[in-house]
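This report refers to the structure that appears directly beneath it.
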Amino acid sequence: MTHEQGRLGGEYHGTQGPLFWLAVRTAMLTALTLGVYRFWAKTRIRRYVWSSVGADGDAFEYTGTGLEKFLGFLAAIVILAVYLGAVQMILFYFGLTLFGAAETQAELFLQFGAFGITSLAILPLVFFAQYRARRYRLARTRWRGLRFGAEAAAWGYVWRAMIYWAIALLSLGLLWPLMTFRLAQYKADRSWYGNARFRQNGRWTGLYAAMKQLFVALGLMVLAAIFAAIQLYVLAGLWATLGAIWFSVGLLSYRVNAFVYLTENLVLEVPGADDVTFGTSPQTWNVLWQMVGGSMAVFAATGLVFGLLGAGPLLLIGLEAVPLHVLIVPSVLLYMLALAISGALWLIWVAQPILRHVVTRCTAQGTGALNGVAQRAGDSGADAEGFADALDIGGAF
Amino acid sequence: MLPVPARYYDGITATRQNVRAMLSEDGGALLILGGAQPAPLEWPLARLRAVGGAARKGHLVLALHDPANRADARPLAPARLTVTDPALIAALRARCHLARRDRRPGMRGRLVRRGALAAAAVGIMLFVILPRMADTLATLIPVEREITFGRSVVAQIERALGATDLGDLDCTAPAGTAALEVMTRRLSAGADLRYRLEVRVLDHAMVNAFAAPGGQIVIMRGLLDDATGPDAVAGVLAHEIAHVEARDATRHALRAAGSAGLLSMVIGDVTGGAAAVFLGERVMRASYTREAETGADRFALRMLNNAGVSSRGMAAFFDGLAEAEQEGGPGRLPTYLSSHPDSAARADVAEANAADQRATSPVISDAEWQALLAICD
């Protein structure tokens, strides 16, 4: 129970214009530098987004730098170059030796097995990179002058993630909540705000309620199978289509509702004071609309941008006004610009609205206790997300 | 200037201190009054920095530059001051270099060292280890698997050339096929080949020929049309047979699988990144196929010598290529050339070889050559 006074609601102050131009500028710089600038680009966009999020008038702050990300990436490259190059070639080799001519079930099984084994070699690195990237982001986040942080526990996360993923897959998704909960708990229990530690309460079975829509989708599929069995193929097809759509909505609903459950059972343990508790109420429909409607708008606008930017060079080619080779450089630049605009539109029409929705629907209770939180020591940031950058994993921001 | 309200966090606890801020009399510092401090804090304007992305209009978050701070990525002292008074913000922006980037000493050295190490690791992988591994693995692949792989490669190329169904583009006029068979036999007679050769002609105007893994050789109709005579086609065929024997296609596929992954990792999934990876791959392939091409030419000349076929036809073919290269006409030969050595030089080598050859005879009879030319009809 919380006895402390105080309740804070999440604020989001970001707007479309500045983020759009920032994204276009940094994407162009990234393209022109053959990708080197991407670390600075990501950092600048994070600075903007972090400073958009706040509570009680205090904005978050992202203190990472592009340079440290680049250095971390270079370090990760050395390790991954050796590992990935070899693994990929071996994977391809197995693909070749087991190529095509699988005539029996057993051979087919072996073929998939070989691919599976080689991708398993990459999987630990992916989980490792995910945990380290999260730790880096927390270490570079501040609010009210205090650092966030996470413990150096990436390998513990790796083997847990492997086991829980295996369990979730082998149970055909029935134990998915077990994986979601335990991995979230592992991460939350090792996260800090200043000298206050987060704790994930609740039970993994509590996530089954979030799976409701997935079970509905399953029911629709079963219905489709029954219709198929009694040879009513049109009806079966209809129900199966509905089931498939319902399933993808259900996946989103699970993510949103699992987030709600986890957040409502999250506490911040302030030393010598009462816990700060959290609440959130994002709506699946709202997120779905931002995703579908936003993506459609981005898609349409991207087509328009490519058409407009492509019209110039095409016209010049058509008129044979200038030799082809003169047009190569401007055309490539225009193509990059169109891609950059498309990416920036996605940021402002899909990613940012969803973030705004979620942030503004988060609350914290008993926040009077926050006055007692003290600073924590700085974290070097390990590889500064280098592995995640090299393996190209990570979210929108 | 009068003091205005501001928020101060000392970076030690999360307690908010409602303070007042103002510029000092001499204009050299920002004074922070009130809060928990016994005496006013004096922040020199020269050390003042803005933090964060400043998404919120009308808010300015300030911190002090602190070169001694090595715990954070940016050398800033932990305390933060949020100013919202427009006049003070304007004054600070006018007087301070708020966006200044403070570099730590020694960063350039670290960057250079790490960069060199990463470049060396990638370079050694791309140019030394992956090629060696590819060579080894290529010899380990069972021949029958290679053949299956080769079939799928050819199928992909057929589709790319516009075949809706596989075999649509196959040229199968019986007399022409027989002539091709005679040519292939004569060239490979005596050579102890590992692969059973499957030579096909595809109905496409491109002047090209290639060897897929596992003994599949494809000649485009355009090459037959363009050739000066049967000996020229024999030269090209011998060259492709050499590729088959050296397992070049398989080795290159293996190498590409490894290096494409590496390159995409280095360049990243950025705007146009895929194009950059593709280009990088092309450049690398061009660099390491030159060697393979020269080797195949040498092998091809030996084959022609053994079969008693003049390499003058081959020389004529390369001369034609060299001319086309100089014209640079659209649609002619770019794919065949990109990764090959200088055509004029190859023509000279073939010509020199021809001068030393003993008695030669056309690789197939004139009637057979006419049949081969009509293989697609």
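Data overview
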| read-out | value |
| --- | --- |
| Options A:TRP159, A:LEU22, A:ALA344, ranked by Cα towards positive dipole end of chain A, top entry (Cβ charges) | A:LEU22 |
| Options A:GLY294, A:TYR136, A:GLN5, ranked by Cα towards positive dipole end of chain A, top entry (Cβ charges) | A:GLN5 |
| Electrostatic dipole magnitude of the protein assembly as shown [Cβ: Lys, Arg +1; Asp, Glu -1; Cα centre; debye, to 20] | 4180 |
| Test item: B:5-15 mean partner chain Cβ contacts at 10 Å | 6 |
| Furthest towards positive pole of dipole, B:GLY35, B:SER343, A:LEU238, structure part the protein assembly as shown, Cβ charges | B:GLY35 |
| Rg(Cα)/(2.2 N^0.38 Å) for region A:282-360, N = residue count | 1.51 |
| No Cys partner within the rule (Cβ under 4.7 Å), chain B | B:CYS96 |
| Label-to-label distance, nm, for residues given as A:VAL126 and B:VAL128 (7 Å Cα→Cβ offset) | 3.2 |
| Volume per residue that the Cα convex hull of region B:4-95 spans, once the total is divided by residue count, Å³ | 107 |
| For chain A, size of Cβ-based charge dipole, Lys and Arg +1, Asp and Glu -1, in debye | 600 |
| Neighbouring partner chain Cβ atoms per residue of A:35-46, average, 10 Å criterion | 3 |
| For A:51-57, mean number of other protein chain Cβ atoms within 10 Å | 4 |
| Cα-based reach from A:LYS212 at 12 Å (exclusive), listing aspartates and glutamates while leaving out same-chain residues under 8 positions away | none |
| Orientation-averaged projected area, Cα convex hull of region A:1-60 (nm²) | 5.4 |
| Descending principal axes extents, chain B, alpha-carbon based, whole Å | 108, 39, 37 |
| Ranked B:ARG132, A:ARG361, criterion: other C-beta atoms within 10 Å, fewest first | B:ARG132, A:ARG361 |
| Cα centre as origin, Lys/Arg/Asp/Glu Cβ charges: chain B dipole, Debye | 3260 |
| Likely footprinting exposure, A:GLU61, B:GLU351, fewest C-beta neighbours within 10 Å first | B:GLU351, A:GLU61 |
| Interatomic Cα distance distribution for region A:130-258, bins of 5 angstrom, percent | 2, 10, 14, 15, 15, 13, 10, 7, 5, 4, 3, 2, 1, 0 |
| Kyte-Doolittle mean at least -1.0, axial Cα span of 27 Å or more - DSSP H helices of chain A | A:66-97, A:105-139, A:233-264, A:284-319, A:324-346 |
| Evaluated over region A:188-336, the Cα radius of gyration and Dmax, each in Å | 26.0, 78 |
| Taking the C-alpha atoms of chain A, convex hull volume expressed per residue in Å³ | 198 |
| Residues of type lysines that A:LYS42 reaches as a straight line, Cα spacing below 29 Å, ignoring anything fewer than 8 places off in the same chain | A:LYS69, A:LYS187, B:LYS57 |
| Measure of compaction for the protein assembly as shown (Cα Rg per 2.2 N^0.38 Å) | 1.21 |
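Bear in mind these aren't lab numbers, they're just calculated from the coordinates by the rules spelled out. This is a predicted model, so every value here is computed, not measured. Note that we place each Cβ from the backbone using ideal geometry, even for glycine, and neighbour counts take in every protein chain shown.
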